Amino acid sequence: MKSLVILIIILIVIVNTNSLYAGDIKEEFISNIVHDGNMLYVGGWGPNNYTKIQDALDDAVDGDTVFVYSGLYVETFDIEKSISLIGENKNTTIIDGNEVYGDVIELKKDDIIISGFTIRNAGISGHGILINSNNNSISHCNLLNNWENGITIRAVKNNTVTYCYFKDNRWGLKIQGWNVYSMDHLVSNCIFDGDELHIINGKGVVIKDCEIFNCGIGIEFFSIESVIDMCYIHDNFLGIYIEGDDNVVSNSIIVNSESDGIRADGINLEFLNCTIENSGGNCLIFWGPTENSIVSQCTIINGQTGGVSFFGSMRNIEISDCHFEDNKYGIEIYYNNFFNRFIRNNLINNGVHISTDSPGSQFYFMLNSYRRNYWDDWMGVGPYHIYGFFNWDLFPAREPYDIEG
């Protein structure tokens with residue numbers, strides 16, 4: 001019986017990927033989802049089955065697995081043991097907080113696995129799952145209609161949230177350090193449907209393969225040494241807000257933002273191989289002092305205010321191998337920005353390819369450099385004149401570059 005149920009659990013989690021909410025997830029789940037201890041069952045028939053999850057948790061010890069059959073479980077509980085809590089089906093195995101004050105589930109011990117549930121209706125000040133411990137895994141869950149956040153991760157380390165769906169929470173997922181960093185977390189293959197993703201005082205956080213839409217701010221990223229990779233961020237008021245050093249946004253699509261696609265402030269930032277299109281403001285705006293940063297292999301199209309805008313004191317930023325098209329201003333420079341480099345970019349059908357409107361910026365404007373860019377209005381002979389006496393691209397490209405963002 002025990003070995004059969006273990007096999008059933010593994011097959012259920014692998015096969016049961018058609019969510020009523022999150023769509024069809026075909027990624028094979030890890031086979032070691034359960035711990036190596038005893039099995040306890042909730043909601044089934046026969047001997048050794050429990051009616052309530054809490055009762056099974058009371059009897060479990062570190063290393064055990066609690067398997068919960070489909071059904072509605074109106075209860076809230078803390079997990080203070082290193083166990084696996086596995087639901088039969090994430091759409092039909094429902095843990096409902098019944099809007100009672102507090103969290104639906106709080107994790108207080110390291111090395112807990114939760115998979116295969118809908119977790120909903122946390123009450124006042126409550127979260128769907130509150131994580132106050134390290135090395136936990138939350139996967140294949142729906143987080144719905146919780147008073148605070150679907151999942152909140154406090155100042156802890158090494159937690160993963162994968163293949164989860166967030167809707168109708170205050171925020172979908174919030175990672176928040178206090179006086180210390182909340183570190184080394186992975187959020188991947190999740191869908192945030194109108195629920196924002198917030199990282200505050202984070203370090204080493206990776207957001208990967210997520211879809212985020214219909215939010216105020218898709219990702220609010222107060223973090224250092226962190227990565228957003230292969231995400232699809234669309235139809236938000238603001239796509240990504242980044243404040244912090246040594247962060248990377250790569251291989252992502254940020255489209256249809258009502259204001260800016262990305263708003264960034266920090267040192268050693270990298271924006272690599274991204275597509276940023278159809279922004280009501282700027283596709284990418286450096287906001288505040290930013291330096292030693294790179295924008296490369298990006299496609300930047302239809303920024304109603306600008307493609308890339310420098311608003312503040314920016315220096316030593318390199319924009320290379322990017323495609324700018326149909327923006328009001330391809331590149332817009334305000335205030336004192338110098339020692340920036342623009343290399344091998346395509347500038348096509350922008351209202352103005354490069355603009356400086358602030359009188360204070362015009363002196364520093366000449367301290368930037370422009371090399372081998374393609375300008376669709378170049379006459380085809382001699383250098384390309386950009387601004388004033390000192391600003392020229394001496395060797396403009398004759399044909400547009402083949403740039404894939």
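Being in contact (Cβ under 8 Å) with a residue 40 or more places away in the chain and assigned to a loop (DSSP other than H, G, I, E, B) is the filter here; which residues of the range 112-121 pass it?
Correct list: G116, F117.
Yes/no per residue for (1) of a type in the set (S, T, N, Q); (2) in a loop (DSSP other than H, G, I, E, B); (3) touching a Leu at 6+ places or on another chain (Cβ under 8 Å); (4) within 19 Å of I343 (Cβ to Cβ):
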position	(1), (2), (3), (4)
S257	yes, yes, yes, no
D260	no, yes, yes, no
R263	no, no, yes, no
F271	no, no, yes, yes
E277	no, no, no, no
I317	no, no, no, yes
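Sort out for me the strands (runs of 3 or more DSSP E) sitting completely within the range 170-243 that have 2 or more residues that are aliphatic (A, V, I, L, M).
In the range 170-243, the matching strands (runs of 3 or more DSSP E) lie at 171-176, 186-188, 197-203, 206-208, 217-224, 227-229, 238-243.
Scanning the range 207-221 for residues that are in contact (Cβ under 8 Å) with a residue 24 or more places away in the chain and of a type in the set (A, V, I, L, M), which turns out nearest to S257 (Cα to Cα)?
Checked the range 207-221; the qualifying residue nearest to S257 (Cα to Cα) is I217.
Residues of the range 335-356 being touching a Ser or Thr at 6+ places or on another chain (Cβ under 8 Å), surrounded by 20 or more Cβ atoms within 10 Å (Cβ to Cβ) and closer than 21 Å to G288 by Cβ, which ones?
N337, N340, F342 - these are the residues of the range 335-356 that are touching a Ser or Thr at 6+ places or on another chain (Cβ under 8 Å), surrounded by 20 or more Cβ atoms within 10 Å (Cβ to Cβ) and closer than 21 Å to G288 by Cβ.
State all residues of the range 299-334 that are farther than 19 Å from D376 by Cα and either of a type in the set (A, V, I, L, M) or surrounded by fewer than 23 Cβ atoms within 10 Å (Cβ to Cβ) (or both); if no residue qualifies, say none.
Q304, T305, F311, G312, S313, M314, R315, N316, I317, E318, I333, Y334 - these are the residues of the range 299-334 that are farther than 19 Å from D376 by Cα and either of a type in the set (A, V, I, L, M) or surrounded by fewer than 23 Cβ atoms within 10 Å (Cβ to Cβ) (or both).
Pairs needed: first member in the range 32-55, on the phi < 0 side of the Ramachandran plot; second member anywhere, in a loop (DSSP other than H, G, I, E, B) and at pLDDT below 95; C-beta distance under 7 Å; at least 6 residues apart or different chains.
Y41/N48
The values are calculated or read from the model by the stated rules, or taken from the named source; none is laboratory data. The model shown is predicted, which means the values in this text are computed figures rather than measured ones. Note that we place each Cβ from the backbone using ideal geometry, even for glycine, and neighbour counts take in every protein chain shown.
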